[in-house]
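Peer 1: Once you've had a glance at the structure underneath, I'll fire off some questions.
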Amino acid sequence: MITRPKKSRLPLKGSSALIAGGVLALLLAACGSSSSSASSSASTTSAKASGSSAGSSASGGVAQASAELAKYSSTGAVKPPGPAFDASKASGKLVWLVEQSAANPAVSIVAKNIQTALSHESVKVLTCDAKGVSVNISSCIQQGLAQHAAAIITDGGDPESYTSGTQAANAAHVPVISALDVPVPNSSDASGIDPHLTGLAANAGPPDPLSGTLAADFIVKDSNANAHVLFISSPGILGGHYEKLSFESTLKQLCPKCTVDTQAVQISNWASDLGPTVSAQLSLHPDINYVVPVFDPMAAYTDPAIVQAGKASSVKVVTVNGSLQQMTNLSQGQVVVSDVGQDLPEMGFLAADETLRLISGVPSSSLVKEAQPGVRVFTSANIGTVKLTSSEFNTGAWYTGSTSALSDVFYKLWSGS
């Protein structure tokens, strides 16, 4: 079990059915453990106040949301996750990288940066593609143990789905480092997330709880604390569940007049159910003015439904991930008004850092058990400051302001200075 350090709280264009189908295929490959049940309705929540107390609460909520958003609207300096150390002791060792699905763009970009980082330190990296099937992750781990890997990194996949693999690695005293799947929680999330970390030596996790908070902050500010939100979750994706909890909690706290209708659509049904779900809800609740797909590839299906309903000018999409296509749509004013981006390239470097510490024999006081990448809230106000190219996306420049910022900081860190 990971010992938690103290911390503060955390498309493609809709008109192209062919491209949209391709995105779904990639996502399905990455989430093979998700169930295939149809979409389902969850709940409607609201918070109501009256008179001057409601106005006062709304004003305070907008101010608090605005202050939080301001912290995450610009590029930031890359911060070393822990003390500097000499990584040369890791030179020549083998690290086994298990990709949940090499076809998934998020998995791929994290893997690419893990390989770049470790190769710089002369660490040999071999990969095993689980092809989106959970049982294959355990099989890949077993292959890594057979190759006498010094450490194993799992890039994607809920650790609870490959416990036989982690148990075998633990018995062989080979550390398993998780990347991409298990979110780094706020303190309130710990009891639910901790069981997923059993057997892991370290976790470079996505900032999904924080992302949910920031998505809610944007809506509070943008609507002046008066929004009717359709939130669409995707059951079976761990990070999405905690993003949803943080979103709902923040909106309830800061927006007394806001209401939230929650719908749930399994990833396997995105292509068939997301559009009809949005259409039905917009018809049933004409006052909906925000739609929040829990991850931005879902917007490939929700955005066309909004346009077809004649609501493109009155319904705004706020989402999470910072995918290149959705960022492009944001820059062109196509339905998406805010995307909470996550620095996946930095997540790759963080996973490499944790791995190097473990196989270099650094003192326990210098180990990093949990780390999460940077977050930036993109809107029409700052989208013009980034270059919407694959190179800028793949190197994390949208978050750091430089294509070399990650390597500059981490390579120096690993040199012991």
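The values are calculated or read from the model by the stated rules, or taken from the named source; none is laboratory data. What you see is a predicted model, and the numbers here were worked out from it, not measured in a lab. Every residue, glycine among them, receives a Cβ derived from its backbone with ideal geometry; neighbour counts consider all protein chains shown.
Peer 1: Could you tell me which of the residues P363, P345 is more than 26 Å from Y301 (Cβ to Cβ) and touching a Ser or Thr at 6+ places or on another chain (Cβ under 7 Å)?
Peer 2: Working: P363 fails: touching a Ser or Thr at 6+ places or on another chain (Cβ under 7 Å).
Answer to the selection: P345.
Peer 1: If you don't mind, there's one more thing I want to ask. Condition first: under 27 Å from N104 (Cβ atoms), more than 22 Å from the chain's Cα centre (by Cα), surrounded by 21 or more Cβ atoms within 10 Å (Cβ to Cβ) and not hydroxyl-bearing (S, T, Y). Now tell me which residues in the range 276-296 satisfy that.
Peer 2: First pass over the range 276-296, keeping only residues under 27 Å from N104 (Cβ atoms): 276-278, 291-296.
Now drop any that are not more than 22 Å from the chain's Cα centre (by Cα), which leaves 276-278.
From what's left, surrounded by 21 or more Cβ atoms within 10 Å (Cβ to Cβ): 277-278.
Correct list: V278 only.
Peer 1: Which is polar (S, T, N, Q), more than 23 Å from S108 (Cα to Cα) and surrounded by fewer than 23 Cβ atoms within 10 Å (Cβ to Cβ), of S268, S164, S246? Break it down into steps so the answer makes sense when it comes.
Peer 2: Working: S268 fails: more than 23 Å from S108 (Cα to Cα); S246 fails: surrounded by fewer than 23 Cβ atoms within 10 Å (Cβ to Cβ).
After ruling out the rest, the residue left standing is S164.
Each row is one residue, and each column tells you yes or no for (1) surrounded by fewer than 16 Cβ atoms within 10 Å (Cβ to Cβ); (2) under 30 Å from I219 (Cβ atoms); (3) of a type in the set (V, I, T).
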position: P345; (1), (2), (3): no, yes, no
position: A352; (1), (2), (3): no, no, no
position: L358; (1), (2), (3): no, no, no
position: G361; (1), (2), (3): yes, no, no
position: S364; (1), (2), (3): yes, no, no
position: A381; (1), (2), (3): yes, yes, no
position: T400; (1), (2), (3): no, yes, yes
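Peer 1: Same structure again: With the requirement that a residue be of a type in the set (V, I, T), at pLDDT below 95 and under 19 Å from S108 (Cα atoms), what does the range 131-161 give you?
Peer 2: Restricting attention to the range 131-161, the residues satisfying the condition of being of a type in the set (V, I, T) are 133, 135, 137, 141, 152-154.
With the extra rule that they be at pLDDT below 95, the set shrinks to 133, 135.
V133 - this is the single residue of the range 131-161 that is of a type in the set (V, I, T), at pLDDT below 95 and under 19 Å from S108 (Cα atoms).
Peer 1: So in the range 340-387, with the set limited to residues that are under 14 Å from W398 (Cβ atoms) and in a helix (DSSP H, G or I), which one is nearest to the chain's Cα centre (by Cα)? Give the derivation first.
Peer 2: So the first thing to find is which residues in the range 340-387 are under 14 Å from W398 (Cβ atoms), and the list is 340-347, 373-379, 382-387.
From what is left, the residues that are in a helix (DSSP H, G or I) are 344-347, 383-385.
On the way: L344: 8, P345: 12, E346: 12, M347: 10, I383: 19, G384: 23, T385: 22 Å.
Top of the filtered list is L344.
Peer 1: One residue is enough: does the range 269-287 have a residue meeting the conditions under 23 Å from G333 (Cβ atoms), out of contact with any helix residue (DSSP H, G or I) (no Cβ under 8 Å at 6 or more places or on another chain), of a type in the set (V, I, T) and part of a helix (DSSP H, G or I)?
Peer 2: The answer is no; no qualifying residue exists.
Peer 1: Here's a follow-up. Does V184 fit the bill of being crowded, with 19+ Cβ neighbours inside 10 Å and within 18 Å of the chain's Cα centre (by Cα)?
Peer 2: Working: crowded, with 19+ Cβ neighbours inside 10 Å: yes; within 18 Å of the chain's Cα centre (by Cα): yes.
Answer is yes for this residue.
Peer 1: Could you tell me whether V78 is over 22 Å from S272 (Cα atoms), touching a Cys at 6+ places or on another chain (Cβ under 6 Å) and at pLDDT 95 or above? Lay out the reasoning, then the answer.
Peer 2: On the way: over 22 Å from S272 (Cα atoms): yes; touching a Cys at 6+ places or on another chain (Cβ under 6 Å): no; at pLDDT 95 or above: yes.
The answer is no for V78.
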